[in-house]
Every structure is written in structure tokens, then in C-alpha cells.
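Chemist: Below is one structure. I have some questions about it.
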Amino acid sequence: MLDLVVDPSGSPVFVLAGGSRTGSTLLQRLLISTGEIMIWGEHGGLLLDGLQRMVAGMAEWIEAEGARHFDRFTSEGWNSWIPNVNPPHEAFVEGARAALIRSLAVPAAELGYRRWGFKEIRYTGGAVELLKMIFPNAAIIVLVRNPEAALRSIKGTAFYAKDYQSRPEVFLSRWATVSLSLARTCRAGSSVRLWRYEDIVSDPEAAIASLAAHVAIDAGRFDRTAIETYIGGIPSPAPPDRGLSPDACAISLDERDRTALAAAEVRQVAAQLGYAQ
């Protein structure tokens with residue numbers, strides 16, 4: 001075990017993607033390649049669920065009951081009516097922060113990385129707000145992808161049947177919900193910014209420059225081979241794709257796929273993200 005000091009005030013980096021097959025693993029590898037940031041992988045959307053319940057639930061409970069009982073305890077002492085006494089809400093926020101630091105930051109430091117974070121494809125905008133509360137200095141990357149390209153990509157993997165029952169309407173409904181919710185949290189010049197997968201692979205240098213500025217790491221530390229190398233996950237008999245490459249085009253779309261892509265929700269979100277359908 002390395003004798004490294006983890007600075008709780010250091011800024012983590014979180015990659016939140018608008019569903020599956022959006023390129024989050026590409027960004028994960030690209031950020032790790034700097035040698036500065038360890039981006040832990042997906043966790044099934046489980047990691048923040050308990051913390052969200054604790055932080056949000058205790059905020060409501062403390063406002064309704066805990067705060068006045070705490071005030072009574074601190075002013076009148078133990079021999080008073082204090083059945084619902086609880087510490088201030090910030091104690092629970094700090095507890096959530098400590099849990100993530102011990103679970104993710106410390107192991108990252110043991111591997112030699114000064115900073116840390118994770119990537120996930122299942123969270124919506126609520127996770128962004130929670131992470132900003134727990135880590136005000138965090139850099140959050142929201143990643144989206146053209147829904148047609150994402151659908152072609154998922155059809156070339158074993159994940160399609162496993163996670164979406166091979167139903168395009170299920171996959172694209174999730175794509176629309178997650179992508180829109182995350183995109184709404186992004187503001188120009190803020191700590192939460194949006195990138196499109198297509199822009200990263202079409203102009204890697206521009207993408208690296210903007211990512212480097214966002215996470216405060218010199219652009220020269222990013223290893224370009226992370227973008228040049230395709231790693232496609234678990235393939236099905238159909239070949240995986242990258243963007244709208246020939247491989248992607250080889251994965252055909254049927255009538256059910258086209259109908260799902262034409263759904264009003266999907267078309268509206270795609271248009272808001274700058275994708276012509």
C-alpha cells in the first residue's frame with residue numbers, strides 16, 4: 001500500500017453519460033491516461049442511491065423534526081423532550097463525502113492517482129445535484145451520443161438483450177430520459193459541461209483541449225492512443241461500431257428500430273442535443 005495523502009478538498013471528476021453506448025469508457029480511459037485521475041467504472045447506478053436517500057431524506061426530517069429537537073437539546077440539555085434529536089444536515093453531507101472518499105479516493109491514491117472519480121450511464125440530473133452538494137469543486141462531464149448511432153452500437157453487443165430485452169423502444173426511451181435530464185444540468189462556464197461523442201472522435205485535439213481545461217490538467221498529459229484505440233465491450237454475433245463507421249452502418253435497423261427512433265420523445269431530445277433525425 002502506498003503512503004499517499006488523500007486531500008478531501010481535491011476536485012474529483014465524474015463522467016455521467018446519457019445511457020449505454022455513448023463513449024463513457026473512451027472518456028474513462030482518456031482521463032486515466034493522464035496519470036492524474038483514476039476514473040472508476042460503472043456500479044449499476046447503486047453507489048448514489050443510498051447516499052441520495054440519506055442526504056435528501058435527512059434534510060426533510062431535520063427540517064420537520066430534528067432541528068428543533070437539536071436546538072432544544074443544546075439549550076435545555078438531556079432532561080428535555082428530545083426523541084428526534086439529530087445533528088445538523090451538514091453532518092450527513094459530510095458523512096456522504098467521507099463514504100465516497102474512503103471508498104474511491106483512497107483506493108485511487110493507493111494506485112498512485114492524486115485525483116479520482118467515476119463514470120456511470122444510469123444516473124439522471126438528480127445525481128448531478130447530489131454530487132455538486134457533496135463535492136462543490138467537482139468537475140462533471142455529461143456525455144451524449146446520437147440516438148441512431150447508439151442504437152446501432154447497442155445492437156452489436158450482448159448488452160442489448162441482457163439490459164433492454166432487445167427492444168429498441170426501451171433502449172431509446174431510457175436514452176431520451178437520461179440524456180435530457182443530464183443535459184438540463186449543464187451551463188456554459190459552470191462545473192457541469194456537456195460533450196457529444198461525435199465531436200470527440202471527429203476532432204480529438206479540440207476535445208482534449210476543452211476536457212483538459214475543464215478538469216484542470218495539462219492537455220499534453222492526455223494519451224491520444226485512448227481515442228485512436230477501439231475497445232467495444234462484449235460483442236454479439238454482429239460487429240461492434242464506432243460512431244458512424246462502416247462497421248456501424250453494417251448493423252442494420254429494422255422497422256421496429258425506425259419506429260422507435262421516430263417517437264416524439266426521442267426526436268425532441270435529439271433535436272435539443274443538436275442531432276438531426
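Chemist: Given the conditions (1) surrounded by 20 or more Cβ atoms within 10 Å (Cβ to Cβ); (2) hydrophobic (A, V, I, L, M, F, W, C); (3) not in a helix (DSSP H, G or I), report the number of the one that residue 78 does not fulfil.
Modeler: For residue 78, the failing item is (1).
Chemist: Which of the following residues is modelled with pLDDT under 95, in a helix (DSSP H, G or I) and of a type outside the set (Asp, Glu): 212, 260, 238, 226?
Modeler: Testing whether each residue is modelled with pLDDT under 95, in a helix (DSSP H, G or I) and of a type outside the set (Asp, Glu) leaves just 226.
Chemist: Restricting segment 196-209 to residues that are among the acidic types (Asp, Glu) and part of a helix (DSSP H, G or I), which is surrounded by the fewest Cβ atoms within 10 Å (Cβ to Cβ)?
Modeler: This residue is 205.
Chemist: Still on this structure, I have one more. Of the residues 21, 29, which is part of a helix (DSSP H, G or I) and either in contact with an Asp or Glu (Cβ under 9 Å, 6 or more places away or on another chain) or over 19 Å from residue 135 (Cβ atoms) (or both)?
Modeler: Checking each option against the conditions leaves just 29.
Chemist: Quick one: residue 205 ticks every box in (1) free of Cβ contacts under 8 Å to residues at least 24 places away in the same chain; (2) more than 22 Å from residue 230 (Cβ to Cβ) bar one, so which box is it?
Modeler: It fails just one condition, (2).
Chemist: Next question, about the same structure. Six or more apart or on different chains, Cβ under 7 Å: which pairs go from a residue in segment 99-121 that's closer than 17 Å to residue 11 by Cβ and part of a strand (DSSP E or B) to one that's at pLDDT 95 or above and of a type in the set (S, T, N, Q)? Could you list them?
Modeler: Filtered contacts from segment 99-121: 119/24; 119/28.
Chemist: Which count do you get for residues in segment 32-47 that are farther than 30 Å from residue 221 by Cβ and either modelled with pLDDT of 95 or more or of a type in the set (A, V, I, L, M, F, W, C) (or both)?
Modeler: Final tally of qualifying residues: 1.
Chemist: Could you figure out which of (1) charged (D, E, K, R); (2) within 21 Å of residue 258 (Cβ to Cβ); (3) assigned to a strand (DSSP E or B) isn't true of residue 193?
Modeler: In the conditions (1) charged (D, E, K, R); (2) within 21 Å of residue 258 (Cβ to Cβ); (3) assigned to a strand (DSSP E or B), residue 193 misses (2) alone.
Chemist: Does at least one position in segment 170-178 carry a residue that is more than 15 Å from residue 124 (Cα to Cα) and surrounded by fewer than 18 Cβ atoms within 10 Å (Cβ to Cβ)?
Modeler: Yes, there is a match, as at least one residue in segment 170-178 is more than 15 Å from residue 124 (Cα to Cα) and surrounded by fewer than 18 Cβ atoms within 10 Å (Cβ to Cβ).
Chemist: Within segment 124-135, can one find any residue that is outside any helix (DSSP H, G or I) and either among the hydrophobic types (A, V, I, L, M, F, W, C) or free of Cβ contacts under 8 Å to residues at least 24 places away in the same chain (or both)?
Modeler: yes
Chemist: Name the residue that is nearest to the chain's Cα centre (by Cα), counting only residues in segment 51-94 that are among the aromatic types (Phe, Trp, Tyr) and under 25 Å from residue 128 (Cα atoms).
Modeler: Selected residue: 92.
Chemist: Please verify whether residue 166 is crowded, with 23+ Cβ neighbours inside 10 Å, of a type in the set (Ser, Thr, Tyr) and either assigned to a helix (DSSP H, G or I) or modelled with pLDDT under 95 (or both), treating the condition exactly as stated.
Modeler: In short, no.
Chemist: Follow-up question, since we're still on this one. Within the group 66, 50, 57, which residue is buried (at least 18 other Cβ atoms within 10 Å of the Cβ) and modelled with pLDDT under 95? Full working, then the answer.
Modeler: On the way: 50 fails: buried (at least 18 other Cβ atoms within 10 Å of the Cβ); 57 fails: buried (at least 18 other Cβ atoms within 10 Å of the Cβ).
On inspection, the qualifying residue turns out to be 66.
Chemist: Still on this structure, I have one more. Considering only residues that are among the charged types (D, E, K, R) and surrounded by fewer than 20 Cβ atoms within 10 Å (Cβ to Cβ), which ones fall in segment 102-121?
Modeler: Correct list: 102, 110, 114.
The values are calculated or read from the model by the stated rules, or taken from the named source; none is laboratory data. None of these values were measured; they are calculated from a predicted model. Glycine also receives a Cβ, built like all others from the backbone with ideal geometry; neighbour counts cover every protein chain displayed.
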